[in-house]
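Scroll down for the structure; my scribbles are underneath it.
Just so it is clear, none of the values below were taken in a lab; they were calculated from the coordinates. Keep in mind the model is a prediction, meaning the values are calculated, not measured. Neighbour counts are summed over all protein chains in view; Cβ atoms, including those assigned to glycine, are modelled from backbone coordinates with ideal geometry.
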Amino acid sequence: MAIRVLIERRIDPENEPALSSLLMRLRSKAMHAKGYISGETLRSLQDPYEYLVIGTWSSLDDWRRWESDQERRDIQSQIDSLLRAPSLQRVFVYE
């Protein structure tokens, strides 16, 4: 069953170019991961330093495999260092 992963991130303004580059790298790698369907990155109109990433995966197992991938974790660690607060991640299933 397909799932959606929502990841919210708040950045410091001076880190925006670095974050953009890392998000592109992460998406590029995810596109080749088993079970990846699609992804998009949105920016809040109310707060331009708040981002929402929405990923669609074929299954929770596929997402968990990608989530535990060491290269993904390394990039995520770099992303985390640019944020004001830890990423908030939630997984949803279609009804």
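Treating the beta-carbon of each Lys and Arg as +1 and of each Asp and Glu as -1, no other charges, what is the dipole magnitude of the chain about its Cα centre, to the nearest 20 debye?
Values: 14 positive and 15 negative charges, 46 e Å.
Here the chain has a charge dipole of around 220 debye.
For ARG10 and GLU95, calculate 0.36 nm times their separation in residues minus their Cα-Cα distance, and state this gained length in nm to one decimal. Please report the intermediate quantities before stating the final value.
Details: separation 85, 0.36 × 85 = 30.60 nm, distance 2.93 nm.
Value of the extension gain: 27.7 nm.
Report relative contact order for the chain in percent, whole number only (criteria: Cα-Cα under 8 Å, sequence separation at least 6). List each step's numbers first, then the result.
Working: 152 pairs, mean separation 47.1, N = 95.
The value is 50 percent.
For GLN70 paired with LYS29, estimate the spin-label separation in nm (one decimal), with each label point 7 Å from Cα along the Cα-to-Cβ line.
The answer from the label model is 1.2 nm.
Testing the spin-label approximation: label points 7 Å from Cα along Cα→Cβ at MET1 and SER58. State their distance in nm.
Going from the MET1 label point to the SER58 one covers 1.8 nm.
Order of 16-26, 37-47, 53-63 by packing, highest average Cβ count within 10 Å first? Display every interim value, and only then the final one.
Numbers: 16-26: 15.0, 37-47: 11.2, 53-63: 17.5.
So the peptides 16-26, 37-47, 53-63, ranked by packing, come out 53-63, 16-26, 37-47.
Put +1 on the Cβ of each Lys and Arg and -1 on the Cβ of each Asp and Glu in the chain; which of LEU60, GLY39, GLN76 then has its Cα farthest toward the positive end of the dipole?
Farthest towards the positive pole: LEU60.
Return the calculated 222 nm mean residue ellipticity for the chain, to the nearest 500 deg cm²/dmol, obtained by summing -39500 (n - 2.57) across DSSP H runs with n ≥ 4 and dividing by the residue count.
Working: 3 runs with 34 residues, N = 95.
Result for the chain, helices only: -11000 deg cm²/dmol.
Taking θ as phi - 60°, what are the ³J(HN,Hα) couplings along the range 80-92 by the Karplus curve (6.51, -1.76, 1.60), each to the nearest whole Hz, with x for Gly and Pro?
4, 5, 9, 8, 6, 8, x, 4, 9, 10, 9, 10, 10
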